[in-house]
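First the structure, in the form of structure tokens, and then the observations on it.
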Amino acid sequence: MSTVILNGRELSQTLFEEQKKKVEDLVRLKGRPPGLAVVLVGQDPASETYVRNKRAACKKVGIHAPDINLPPDVPQAELVHRIDSLNRDPSIDGILVQLPLPSGLSKDEVLYRIDPDKDVDGFHPLNVGKMLIGLETLTPCTPTGIMTLLDRNGIRISGKNAVVLGRSLIVGKPMALLLMARDATVTVCHSRTANLQEETRRADIVVAAMGKPLMVTADFIKPGAVVIDVGISRTADGKLVGDVDYASVFPVASAITPVPGGVGPMTIATLLDNTIRAFCFREGIPLQPARKNA
Ligand code: NDP
């Protein structure tokens, strides 16, 4: 059996090309490009890299993306005030506050302040609720990007057993909802799950999102399963690795994402897609294609 590498880097380049054309059409139609405000607070090196990559991707497809960099000691009230002015800014369709915020700042107050129509991360309770009840809305970028990666590689989801490792609000929970909405039978595992291996060995699709480097080895995987690795960790010698032991799982899986170059680039491509969707929603343009959330 040959294993398919689910190449998120390559697919994201294709998506960027498609998005560039869409943005050109929107500029012709409405006289302005979609706008995404990526707010960076402080100088955390990993956050700086993520923000740089997001802004560079926006530039590539023609999305307006002003730099909003605030010092680590910005008062909570001033940060909230900046969000309020971005909410009112007609040239801005999406607002993303890079996490984690420096200690002392309330993440929830900031995230919940973002206008739900501009919440391109899909973390606002209103959008989480809409996703749960199956209304078209902005859904979190990482799990949504994984759905695109599965779809564009022709991987069938309906009727499959899917096991999601992790139950965070950013990845695990929305991943489970999106898979369920596409008629997978979903099991969600976490740090208290009694026998993780027993659960994963029944899965046709495994999504690992624990932040536990190389924990998922070949003996966790049913032969022929599709394995999606969300984890990103750095080893002592500075190498990026996922939650999946790629070398041991590769010969067992039918398809697998590499780290890096798998899920990460799909997250950024989906952020841009969400920004274009937010623009269309705000400008009264029908969303194409519709996404199925329930
Ligand atoms: P969180 O730390 O918020 O959540 C981790 C989840 O994994 C929790 O639900 C936790 O369970 C569960 N978990 C931890 N240890 C185990 C274990 N031994 N067995 C089973 N479950 C376990 O992380 P995130 O969801 O934010 O991120 C997960 C990983 O994905 C990280 O490596 C992160 O860097 C990466 N990531 C990658 C992205 C990308 O674009 N590629 C985007 C977002 C995240 P419990 O709830 O019981 O504590």
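Quick notes on this structure:
- Test: residue in the stretch 29-44 that is modelled with pLDDT under 95, closer than 21 Å to PRO265 by Cβ and under 18 Å from the mean Cα position of the chain (by Cα): no
- A count restricted to the stretch 165-196 and to residues that are near the ligand (Cβ under 8 Å from one of its atoms) and either among the basic types (Lys, Arg) or outside any loop (DSSP other than H, G, I, E, B) (or both) stands at 6.
- Filtered residue count, the stretch 1-48, keeping only those that are in a loop (DSSP other than H, G, I, E, B) and over 25 Å from ASN87 (Cβ atoms): 6
- If the condition is being open to solvent by 20 Å² or more (accessible area, probe 1.4 Å) and either at pLDDT below 95 or not in a helix (DSSP H, G or I) (or both), then the stretch 106-132 contributes SER106, ASP115, ASP121, PHE123, HIS124.
- Within the stretch 245-270, the residues that satisfy the criterion of being more than 10 Å from the ligand (Cβ to nearest atom), open to solvent by less than 10 Å² (accessible area, probe 1.4 Å) and either of a type in the set (A, V, I, L, M) or under 13 Å from the mean Cα position of the chain (by Cα) (or both) are VAL249, ALA253, ALA255, ILE256, ALA269.
- Single condition VAL227 does not satisfy, out of (1) closer than 25 Å to HIS124 by Cβ; (2) buried (at least 21 other Cβ atoms within 10 Å of the Cβ); (3) free of Cβ contacts under 8 Å to residues at least 40 places away in the same chain; (4) aliphatic (A, V, I, L, M): (1)
- Pair list, Cβ under 7 Å, 6 or more apart: the stretch 249-278 residue more than 20 Å from LYS20 (Cα to Cα), other residue among the charged types (D, E, K, R) and more than 9 Å from the ligand (Cβ to nearest atom): GLY261/ARG9
- Pairs meeting the criteria (first residue in the stretch 135-157 and assigned to a helix (DSSP H, G or I), second residue hydroxyl-bearing (Ser, Thr, Tyr) and open to solvent by 20 Å² or more (accessible area, probe 1.4 Å), beta carbons under 7 Å, at least 6 apart or on different chains) are CYS141/THR267; THR142/THR267; GLY145/THR267.
- All positions within the stretch 197-212 that are within 10 Å of the ligand (Cβ to nearest atom) and in a loop (DSSP other than H, G, I, E, B): ALA209, MET210, GLY211, LYS212
- When restricted to residues that are among the charged types (D, E, K, R), modelled with pLDDT under 95 and more than 13 Å from the ligand (Cβ to nearest atom), the stretch 213-238 contains 1.
- Residues of the stretch 62-105 that turn out to be among the charged types (D, E, K, R), part of a loop (DSSP other than H, G, I, E, B) and open to solvent by 30 Å² or more (accessible area, probe 1.4 Å), as a count: 2
The values are calculated or read from the model by the stated rules, or taken from the named source; none is laboratory data. None of these values were measured; they are calculated from a predicted model. Neighbour counts run over all protein chains shown; Cβ positions are idealised from the backbone, glycine included. For accessibility, only protein heavy atoms count, side chains too; no ligands or nucleic acids. Shrake-Rupley method; radii C 1.70, N 1.55, O 1.52, S 1.80 Å.
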